[in-house]
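Read-outs: derived from the displayed coordinates by stated rules, not from any lab. Here the structure is a predicted model, which means the values were calculated and not measured. Positions of Cβ are generated from backbone atoms using ideal geometry, with glycine treated the same way; all protein chains shown enter the neighbour counts.
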Amino acid sequence: MLEEKQQDDFKHVQPSVCYTIPGIASVGIHSEDAANNPDDYTILDQDLSSFFTNKTTRLQEGNSKTILDKHKQTIAGAHLFSPYAEHLINLFTLAIELNADIQVLKSLLLSYPTAESDIPSMLKESNLS
């Protein structure tokens, strides 16, 4: 049954999630790889403890590392330790797959208050030129 079928190469980024409280999720390039290539990547490391989502869930911890590709002006990776990380990582995966422009992502008006509405704030410090 499987001998006649040929598998296509899987060329998509694959997110991973650990269902903890708060959640842990990751997609794309690792922060260590980005740190070793500072000419190509910028790492935005943010404390999310003051974000509205954390306050509504009464969690005092939260962090995000968003890796930006300096040349393409896109997201290359995201690593989350936050409430709803399992939801947010899907949006970061979509942004990576679609090569979404960082300026577009920063300007999105997302429904508030939701965890997804935190994404433009997570990208605020990006000043790629």
For the chain, the longest principal axis of the Cα atoms and the Cα long axis of helix 85-97 enclose an angle in degrees, to the nearest 10, of 60
Among His71, Leu59, Ala85, the residue whose Cα sits farthest towards the positive end of the charge dipole of the chain, when +1 is placed on the Cβ of each Lys and Arg and -1 on the Cβ of each Asp and Glu, is Leu59
Packing-ranked peptide list from 79-92, 103-116, highest mean Cβ count within 10 angstrom first, is 79-92, 103-116
If every Lys and Arg gets +1 and every Asp and Glu gets -1 at its Cβ, then about the Cα centre the chain yields a dipole, in debye to the nearest 20, of 520
Expressed in angstrom, Rg and Dmax over the Cα atoms of the chain are 15.8, 55
Segment 35-68 and segment 84-105 have their Cα centres apart by a whole-number Å value of 14
Excluding residues fewer than 8 positions from Lys55 in its own chain, the lysines with Cα under 29 Å of it are Lys65, Lys106, Lys124
